[in-house]
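Asks: I am attaching a structure below and will ask some questions about it afterwards.
None of the figures in this text is laboratory data; all of them are computed from the coordinates on show. All figures in this text were calculated on a predicted structure; none of them were measured in a lab. With ideal geometry, Cβ positions are generated from the backbone for all residues, glycine too; neighbour counts draw on all protein chains shown.
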Protein chains: 2
Amino acid sequence: MKNTTVDKILDIVSGIKELPKGAFNIRVNGKSVKRSSSENVEIIPRPAGDGMDIHIAPGTKNEMVHIPVVMDASGMNDLVYNNFYIGEGAEVNIVAGCGIHNDGDHLTQHDGIHTFYVGKGAKVKYTEKHYGEGGGTGSKVLNPVTEVHLEADSVLEIETVQIEGVDKTDRTTRGDVKENAKLLIKEKLLTNGEQEAITRFSVDLDGENSSTTVSSRSVAKGQSKQYFYSVLNGNNKCAGHSECDAIIMDQGFVKAVPDVTANHVEASLIHEAAIGKIAGDQIIKLETLGLTEAEAEERIVAGFLGI
Amino acid sequence: MKNTTVDKILDIVSGIKELPKGAFNIRVNGKSVKRSSSENVEIIPRPAGDGMDIHIAPGTKNEMVHIPVVMDASGMNDLVYNNFYIGEGAEVNIVAGCGIHNDGDHLTQHDGIHTFYVGKGAKVKYTEKHYGEGGGTGSKVLNPVTEVHLEADSVLEIETVQIEGVDKTDRTTRGDVKENAKLLIKEKLLTNGEQEAITRFSVDLDGENSSTTVSSRSVAKGQSKQYFYSVLNGNNKCAGHSECDAIIMDQGFVKAVPDVTANHVEASLIHEAAIGKIAGDQIIKLETLGLTEAEAEERIVAGFLGI
């Protein structure tokens with residue numbers, strides 16, 4: 001890693017300052033540049049070079065897997081397929097992330113198709129950070145699709161963060177959840193300028209006592225546009241909760257369309273959405289502490305998004 | 001009114017035991033059978049016989065208008081257009097309602113297309129009760145469309161109730177709301193057997209300080225199906241609130257799809273939906289007071305719907 005742009009972006013999207021411990025794969029401009037398996041985590045590249053299969057052994061504990069993607073070649077369109085096979089009872093922390101540096105005038109796009117097979121009783125945390133930068137006029141676009149299948153008693157926690165620099169994103173996360181399994185999806189999103197972000201969550205609660213919480217916290221600044229779609233299907237005795245909290249600033253636009261369906265008498269489903277600007281009294285309170293209005297807004301947004 | 005079926009249904013849908021005071025129009029089997037205007041309320045039948053224009057004089061206070069519809073002829077399909085012109089500052093209470101008695105084997109259907117022009121500062125309460133009965137195999141179907149236009153500073157409160165006997169209903173209520181005006185829509189719904197009910201609310205909050213609360217309380221028993229769609233568009237500084245509370249019993253099915261959009265930085269929009277069965281501890285509490293489980297459920301449902 002001698003390209004300073006790449007190094008910087010790797011740090012931003014996945015907190016990597018040097019080669020990480022544990023298994024990892026670093027993909028730069030459409031190619032795997034460094035890869036390492038560990039005793040319990042085997043990373044097998046797909047023959048076509050368009051992704052990998054990641055096998056996590058049953059019973060693995062406290063292991064990290066890093067799979068960052070960086071693109072700094074303007075005009076590139078990278079489509080990858082990553083499949084995660086997580087063994088029974090494994091506990092693992094997977095850090096993905098995609099950063100684009102586009103100094104050119106062409107569209108640079110990364111679309112990751114991720115599929116998770118979460119084994120019985122496994123506990124997985126998956127973090128995905130999206131970031132864009134660069135002074136060119138070329139767009140930075142990220143359209144990930146994440147498909148997750150949770151076996152009985154498993155837990156999958158997905159956290160996605162997109163704070164800066166992605167011009168367009170259309171993110172789909174679909175899941176099916178078996179008995180006693182739990183799927184948690186949390187996104188943090190900030191858009192600005194002419195950016196556009198579409199979030200699509202869809203969860204089938206198939207197993208008895210399955211549960212899910214899908215939540216979005218977002219801030220829409222400038223003329224940016226956000227669309228939030230969230231589908232929950234309660235197909236068994238289950239608990240589902242969808243929530244969307246959005247702050248609008250400037251000429252921001254936010255649309256929230258949840259879609260909750262009870263197909264079973266013991267399905268318990270809740271949706272909440274709140275869209276509004278920052279309350280005036282919150283700003284005034286911080287102004288009395290010596291902050292300018294802009295500083296107060298910045299502080300409130302950071303607190304709201306937890307960044 | 002010598003037809004006892006008609007008399008009974010008139011009482012159920014609009015609380016009329018004798019000819020009401022104030023202006024009224026009673027429509028039976030597709031024809032207006034009794035009509036009376038009052039000093040401030042003029043009811044003008046449309047030439048084609050398919051509805052009426054109702055003019056309420058500016059400044060009218062404490063006036064009631066009754067416009068019930070009864071159908072007891074199996075196989076009839078009645079489509080009516082009623083237009084309400086409510087003068088500035090008028091305060092009026094309008095009671096509509098439609099009851100179908102179908103002893104035959106043919107579909108009996110009533111579709112009321114209602115349009116309200118609510119003048120500046122007017123305050124209107126509009127109640128619509130839907131009811132079906134009869135031992136035939138013919139369906140009882142009601143597909144009303146209500147379109148409302150609220151001028152500045154006006155208030156319109158719509159309350160719809162459908163507790164029993166309507167096989168299929170697809171109800172659309174659309175509104176646009178000007179500055180400082182307020183639209184309240186409340187529905188109470190109980191479906192049973194193979195019944196199907198679709199609710200479609202759509203409100204544009206166009207004026208500064210316009211507001212709306214749209215709410216649905218419903219119970220789905222048997223194999224019945226309910227669909228709830230609610231669209232709120234915040235196009236100015238405004239406050240919008242959509243809520244859907246549904247109890248499912250037996251093999252009931254409920255789908256709730258709100259759609260809230262902030263097109264303005266000072267639009268404040270909230271949606272809440274909760275779908276679930278009656279809490280077990282509520283039933284147990286009533287059982288300890290000597291009620292059977294069925295009685296306890298009935299009591300809880302009645303309390304929930306406020307009937």
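Asks: How high is the FRET efficiency from residue A:3 to residue A:282, r the C-beta distance, R0 41 Å, rounded to 0.05?
Replies: 0.45
Asks: Before anything else, pin down the relative contact order of region A:24-109: Cα pairs under 8 Å, at least 6 apart, normalised by residue count, whole percent. Intermediate values should be presented prior to the final figure.
Replies: On the way: 192 pairs, mean separation 27.1, N = 86.
For region A:24-109, the relative contact order is 32 percent.
Asks: Another question about this same structure. Excluding residue A:165 itself, calculate the net charge of residues whose Cβ lies under 10 Å from the Cβ of residue A:165, where each Lys or Arg counts +1 and each Asp or Glu counts -1.
Replies: Counting the neighbours of residue A:165, the net charge comes to -2.
Asks: Going by average Cβ neighbours within 10 Å, how do the peptides A:170-181, B:26-37 rank, with the highest at the top?
Replies: On the way: A:170-181: 20.6, B:26-37: 16.2.
Packing proxy ranking, top to bottom: A:170-181, B:26-37.
Asks: How would you classify region A:44-139 from its alpha-carbon gyration tensor, with a ≥ b ≥ c the square roots of the eigenvalues: rounded for a/c under 1.5, else prolate if a/b is greater than b/c, otherwise oblate?
Replies: Judged from the Cα gyration tensor, region A:44-139 comes out prolate (a/c at least 1.5, a/b above b/c).
Asks: With n ≥ 4 as the cut-off for DSSP H runs, can you work out [θ] at 222 nm for chain A, using -39500 (n - 2.57) per run divided by the number of residues, rounded to the nearest 500?
Replies: Values: 3 runs with 33 residues, N = 307.
Helix-only estimate at 222 nm: -3500 deg cm²/dmol.
Asks: Hey, another quick one. Among B:113, B:211, B:86, pick out the residue whose Cα is farthest towards the positive end of the charge dipole of chain B, where Lys and Arg carry +1 and Asp and Glu carry -1 on C-beta, about the Cα centre.
Replies: Farthest along the dipole direction, towards plus: B:86.
Asks: Determine the dipole magnitude for region A:1-166: charges of +1 sit on the beta-carbon of Lys and Arg, -1 on that of Asp and Glu, nothing else is charged, the reference point is the Cα centre, and the result goes in debye to the nearest 20. Spell out each step's value before the answer.
Replies: On the way: 15 positive and 23 negative charges, 75 e Å.
Dipole magnitude for region A:1-166 comes out near 360 debye.
Asks: Would you work out the relative contact order for region A:1-166, in percent, from Cα pairs under 8 angstrom that are 6 or more residues apart? Show your work: numbers first, answer last.
Replies: On the way: 485 pairs, mean separation 32.7, N = 166.
Relative contact order comes out at 20 percent.
Asks: Among A:56, A:74, A:23, whose Cα projects farthest towards the positive end of the dipole of region A:19-76, with charges put on the beta-carbon of Lys, Arg (+1) and Asp, Glu (-1)?
Replies: A:74
Asks: Let me ask you something else. Assume the label is 7 Å from Cα along Cα to beta carbon: what separations in nm does residue B:46 have to the matching positions in the other copies?
Replies: Shortest to longest, the spacings are 5.9 nm.
Asks: Measuring from the lowest to the highest alpha carbon on each principal axis, how far does the protein assembly as shown reach, largest first, in angstroms?
Replies: 94, 55, 45
Asks: For chain B, restrict the atom set to alpha-carbon positions and state the Rg and Dmax in Å.
Replies: When restricted to the Cα atoms of chain B, Rg and Dmax are 19.9, 61 Å.
Asks: Just going by the charge dipole of region B:234-295, with Lys and Arg at +1 and Asp and Glu at -1 on Cβ, which of B:294, B:279, B:265 is farthest out on the positive end?
Replies: Looking along the dipole axis, the top candidate is B:265.
Asks: Still on this structure: If you put +1 on each Lys and Arg Cβ and -1 on each Asp and Glu Cβ, how big is the dipole of the protein assembly as shown around its Cα centre, in Debye rounded to 20?
Replies: Once rounded to the nearest 20, the dipole reads 40 debye.
Asks: Oh, and also: Work out the mean other chain Cβ neighbour count within 10 Å for the residues of B:276-284 and drop it here as an integer.
Replies: Counting other chains' Cβ atoms within 10 Å and averaging over B:276-284 gives 2.
Asks: Given Cβ point charges of +1 (Lys, Arg) and -1 (Asp, Glu) and nothing else, what value in debye, to the nearest 20, does the dipole of chain B about its Cα centre take?
Replies: Charge dipole of chain B: 420 debye, to the nearest 20.
Asks: Which one of B:60, B:292, B:115 has the biggest mean-square fluctuation once chain B is modelled by GNM with Cα springs under 10 Å?
Replies: Sorting by GNM fluctuation, first place goes to B:292.
Asks: Can you give the extra length, in nm with one decimal, that the chain gains between residue B:200 and residue B:105 once fully stretched, where that is 0.36 nm per residue apart less the Cα-Cα distance?
Replies: Difference between extended and current length: 31.3 nm.
Asks: Moving on to the next point. Tell me, rounded to the nearest percent, the portion of alpha carbon pairs in region A:1-166 spaced more than 20 Å apart.
Replies: On the way: 6564 of 13695 pairs.
Summing the P(r) tail past 20 Å for region A:1-166 gives 48 percent.
Asks: What number comes out for the charge environment of residue A:74, summing +1 per Lys or Arg and -1 per Asp or Glu over other residues with Cβ under 11 Å away?
Replies: With Lys, Arg at +1 and Asp, Glu at -1, the neighbours total -2.
Asks: Between residue B:46 and residue A:227, what is the label-point separation in nm under the 7 Å Cα-to-beta-carbon projection?
Replies: Computed distance between label sites residue A:227 and residue B:46 equals 3.7 nm.
Asks: Let me ask something else about it. Which distances in nm, rounded to one decimal and ordered from shortest, link the label point of residue A:125 to the equivalent label points in the other identical copies, with labels set 7 Å from Cα toward Cβ?
Replies: Result, one decimal in nm: 5.5.
Asks: Now, a different point. Between residue A:36 and residue B:184, how high is the FRET efficiency from 1/(1 + (r/R0)^6) when r is the Cβ-Cβ distance and R₀ = 45 Å? Nearest 0.05.
Replies: Working from the Cβ atoms, E equals 0.10.
Asks: For residue A:17, which inter-copy label distances result when the label point lies 7 Å beyond Cα on the Cα-to-Cβ vector, reported in nm to one decimal and in ascending order?
Replies: Shortest to longest, the spacings are 8.5 nm.
Asks: In whole Hz, with x marking every Gly and Pro, tabulate ³J(HN,Hα) for region A:34-48 from phi via Karplus 6.51 cos²θ - 1.76 cosθ + 1.60, θ = phi - 60°.
Replies: 8, 8, 8, 8, 10, 4, 9, 10, 10, 10, 10, x, 6, x, 6
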